[in-house]
Amino acid sequence: MNTIRIAIDGPSGAGKSTLARSAAGKLGYLYVDTGAIYRTVGYYAHTHRIDPKDEAAVTACLPEVTVELAYGRDGLQCMLLNGEDVTAAIRLPEISLCASAVSAHPGVRGFLLEMQRKLAREHSVIMDGRDIGTEVLPDAEVKIFLTASPEARARRRCLELEQRGMPQPYEKVLQEIEERDWNDIHRPIAPLRQAEDAVLLDTTDLDFQESEAALLSIIRERSGGA
Ligand code: DC
């Protein structure tokens, strides 16, 4: 079976997951949120009091960790950690920085790489993350680098947290976004960067409908109208 692979990379809060999920629904492709996979490992470190920056300690715990991706009846992606559903827990703000820290370790990236590639071999996917177009699926049919200004991303994240009943001050959210951007861009392994053959989509001044229309139009154009 010929599968289509659509790689969407970009910084945190650029709207990748909401847009990618919605576009995948419209195209009938599987949506894979790879950030959730790193969050699951970050959550394991956090709950086991392992310093997420301690490469040796994090790498040593990996044999105890089974990360599985499942899809609920609503079609939404769920994350299982050693069989336990951690889908909601991995969204807590303190897990964001843990995920960013553990994702910098080569052992963690290697541990999760094959799982991501396997999904793309078995399904047509829209996969979002930081290194999908550059490392995970370098031969993806369509690559998009989705971004927005840090301020626009912080405003959207605040709104999202408020809607989930977990409001946070704007300044704190902006600071966390900038810290994560710095970590993700400057790590030596699989840093966040735009692949040479990726199309840049900046959503700073676009609302959701405009962003989705732009995304779908890039996908249709690049995948030959699939
Ligand atoms: O997309 P997110 O905010 O849920 O991702 C959480 C962290 O995981 C992010 O700070 C960087 C890391 N990540 C990564 O290194 N590679 C990916 N493909 C996806 C996420």
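The values are calculated or read from the model by the stated rules, or taken from the named source; none is laboratory data. Worth saying up front: this structure is predicted, and the values here are computed from it rather than measured. Reconstructed Cβ throughout: ideal geometry from the backbone, glycine too, with neighbour counts over all protein chains shown.
Things worth noting here:
- The listed residue being within 15 Å of the ligand (Cβ to nearest atom) and either of a type in the set (Ser, Thr, Tyr) or surrounded by fewer than 19 Cβ atoms within 10 Å (Cβ to Cβ) (or both), out of GLU151, GLU178: GLU178
- In the condition set (1) under 14 Å from the mean Cα position of the chain (by Cα); (2) free of Cβ contacts under 8 Å to residues at least 40 places away in the same chain; (3) under 20 Å from ALA7 (Cβ atoms), CYS78 is compliant with all but (3).
- Selection from the stretch 1-17 of residues that are within 26 Å of THR66 (Cα to Cα) and within 13 Å of the ligand (Cβ to nearest atom): ALA7, ILE8, ASP9, SER12, LYS16, SER17
- Filtered residues of the stretch 115-130 (kept if more than 11 Å from the ligand (Cβ to nearest atom) and either surrounded by 22 or more Cβ atoms within 10 Å (Cβ to Cβ) or within 16 Å of the chain's Cα centre (by Cα) (or both)): MET115, ARG117, LEU119, ALA120, VAL125, ILE126
- Residues (in a helix (DSSP H, G or I) and either over 11 Å from VAL32 (Cβ atoms) or polar (S, T, N, Q) (or both)) located in the stretch 123-146: GLY133, THR134, GLU135
- Pairs where the first residue, in the stretch 29-41, is among the aliphatic types (A, V, I, L, M) and the second is more than 9 Å from the ligand (Cβ to nearest atom) and not in a strand (DSSP E or B), C-beta under 6 Å, 6+ apart: LEU30/HIS123; VAL32/LEU119
- Taking the criterion of being surrounded by 21 or more Cβ atoms within 10 Å (Cβ to Cβ) and touching a helix residue (DSSP H, G or I) at 6+ places or on another chain (Cβ under 7 Å), the residues of the stretch 21-32 that qualify are ALA23, TYR31, VAL32.
- Residue that is modelled with pLDDT of 95 or more, aromatic (Phe, Trp, Tyr), more than 13 Å from the ligand (Cβ to nearest atom) and crowded, with 19+ Cβ neighbours inside 10 Å, where the choices are TYR44, TYR38: TYR44
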